[in-house]
Amino acid sequence: MHHNKGFATRAIHAGQRPDPTTGAIMTPVYQTSTYVQQSPGVIIEDYDYARSANPTRKALEENIASLEGGRHGLMFASGLAALAACVHLLQTGDHVVLCDDVYGGTFRTLDKVFKQFGITYTRVDMTDLDATDAAFTAKTKLCWIETPTNPLLKIIDIEAVSRIAKAKGAIVGVDNTFASPVLQNPLALGADIVLHSCTKYIGGHSDVIGGALIANDDDIAQRLKFTQNAVGAIMAPWDSFLLLRSTKTLQVRVQRHCENAAKIADFLAEQPQIERVIYPGRADHPQHAIAKKQMRGGYGGMITATLKGGLPAARSFLERVKLFSLAESLGGVESLIEHPAIMTHASIDKPLREALGISDGLVRFSVGIEDVADLIEDVREALN
Ligand SMILES: *Cc1c(COP(=O)(O)O)cnc(C)c1O
């Protein structure tokens, strides 16, 4: 109904209508496990049992699908539950190609859970298209892209990698968590499935764990929906309600995240204590041109920087920041900072970490929407 409207309009209205019984403007929390039937098998819409369908969740599913320009949306209990539903499309003997600095939990799911069922994978630097092409085998059924990547903020050309994957007959999934639907819509660039950890920008207030899948293809969507119900990792009604509240402000939040991050990245680049700043919006980012091509309206709220002086320098900086809270996760209104080698990426062996470029001097900023002058002052004081 709202598919031809602008992003902000869809964010506020798509999937939602005043409650038919009271006119309540907000979609109620349908905290119910089952629905009364008029006669055996005679149900209202598709509501028979709440694992299969829930009106609060459905409103959110339609809302998020609309934000990604997709026809089908599915909500899960977490981003990783959503990922698992994608991998459940595969069978024993199938192979996955994924980008090398993929989210650690995504790698763990493939390496520790699905590998034991005979689903194999190859990690490849997807900024290298020849290497990407060579990573596919006759058994590859899924190509998994994440861009910007975590924590190195590499930008992968979604259109180019999708073209390679399609030629090999693989389904393309894009983890769009870091960009959010505000900045990037992978379905329009050739992807089949978009994943969000709604725990991050979509939720935006560090108070919900959740995941979403969006697809256009009816058959893929049907198979994912089957898994959502059959495996059962659904999103709860209350979390769906909170996320409906969050998507309404997603665009204004992400705009501010981008503005603040761009200023802080430029500030960091001028500091003598900083060896290197990685921010896709800066002209010195190796894939800035691709970011410019496939993202719109900004380059996200994440910055990665390397401090001169390695671990001791990084440790003392992280102990001294005050407004930036030292914590895992990202995408909330409050600024967070973390040390990938010790915190989020500790499960990757040091040699591989170093090979990927996750050095001991590396820190990752999730820039919030506070006053940027205060954030810069905090960084300045902690560096000196
Ligand atoms: C956090 C995150 C996930 C996992 O999501 P959860 O909601 O924590 O399960 C997946 N991908 C990316 C890029 C993430 O940042």
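Ordered by 1.4 Å accessible area with all protein chains kept, Lys248, Lys200 run largest first as Lys248, Lys200. Peptide packing: for 82-92, 11-21, the average count of neighbouring Cβ atoms within 10 Å per residue gives the ranking 82-92, 11-21, highest mean first. For a Förster distance of 56 Å, can you work out the FRET efficiency between the beta-carbons of Arg296 and Ser39, rounded to the nearest 0.05? The value I calculate is 0.65.
Kindly give Rg over Rh for the range 314-384, based on alpha-carbon atoms, with the Kirkwood expression for the hydrodynamic radius. Answer for the range 314-384: 1.01.
Using C-alpha pairs below 8 Å separated by at least 6 residues, the relative contact order for the chain is 16 percent. Computed from backbone phi, the HN-Hα couplings of the range 16-24 come to 10, 8, x, 4, x, 7, 10, x, 3 Hz, rounded to whole numbers (Karplus: 6.51 cos²θ - 1.76 cosθ + 1.60, θ = phi - 60°; Gly and Pro given as x). Within the range 166-306, all pairs of alpha-carbon atoms sorted by distance into 5 Å bins from zero give the percentages 2, 9, 15, 17, 18, 15, 11, 7, 4, 1, 0, 0.
Normalising the Debye intensity of the chain to I(0), with uniform scatterers on Cα atoms only, and taking log10 at q = 0.06, 0.15 Å⁻¹ returns -0.23, -1.36. Each residue, Leu326 and Ala373, gets one label point 7 Å from its Cα in the Cβ direction; the gap between the two is 2.9 nm. Taken along its three principal axes, the alpha carbon spread of the range 217-282 comes to 55, 25, 22 Å, from the longest extent down to the shortest.
Taking all protein chains together, Ser39, Ser162 sort by accessible area into Ser39, Ser162, largest first [probe 1.4 Å]. Summing +1 for each Lys or Arg and -1 for each Asp or Glu among the other residues whose beta-carbon sits under 12 angstrom from that of Ala269 gives -1. Applying a threshold of 30 Å to the alpha-carbon distances of Lys58/Lys139; Lys200/Lys292; Lys58/Lys200; Lys112/Lys154; Lys166/Lys248; Lys168/Lys293 flags Lys58/Lys139; Lys166/Lys248 as lying beyond it.
Across Thr137, Thr177, Thr56, mean-square fluctuation computed from a Gaussian network of the chain (C-alpha pairs under 10 Å connected) peaks at Thr137.
Annotation: Tyr30 carries an accessible surface of approximately 70 Å², with a 1.4 Å probe and no ligand, DNA or RNA atoms counted. Of Glu159, Glu68, the order by accessible heavy-atom surface (1.4 Å probe, DNA, RNA and ligands excluded), from most exposed downward, is Glu159, Glu68.
Restricting the calculation to Cα atoms, the range 250-383 shows an Rg/Rh of 0.95 when the hydrodynamic-style radius is the Kirkwood one. In order along the range 336-350, the Karplus-derived 3J(HN,Hα) couplings, from 6.51 cos²θ - 1.76 cosθ + 1.60 at θ = phi - 60°, round to 10, 9, 7, 10, x, 4, 9, 9, 5, 10, 5, 6, 8, 4, 3 Hz, and Gly and Pro are given as x. The base-10 log of I(q)/I(0) for the range 22-99, evaluated at q = 0.21, 0.26 Å⁻¹, reads -1.11, -1.28 [Debye formula, identical scatterers on Cα atoms, solvent excluded].
Cα centroid distance between the range 162-192 and the range 85-102, in Å? The range 162-192 and the range 85-102 have Cα centres separated by 14 Å. Split the accessible area of the chain by element, probe 1.4 Å, and carbon with sulfur accounts for 54%.
When nucleic acids and ligands are ignored and a 1.4 Å probe is applied, Lys58 ends up with an accessible area of around 50 Å².
The values are calculated or read from the model by the stated rules, or taken from the named source; none is laboratory data. What you are looking at is a predicted structure, and each value in this text was computed from that prediction instead of being measured. A quick note on method: Cβ atoms are made from the backbone with ideal geometry, for glycine too, and the neighbour counts reach across all protein chains shown. For accessibility, only protein heavy atoms count, side chains too; no ligands or nucleic acids. Shrake-Rupley method; radii C 1.70, N 1.55, O 1.52, S 1.80 Å.
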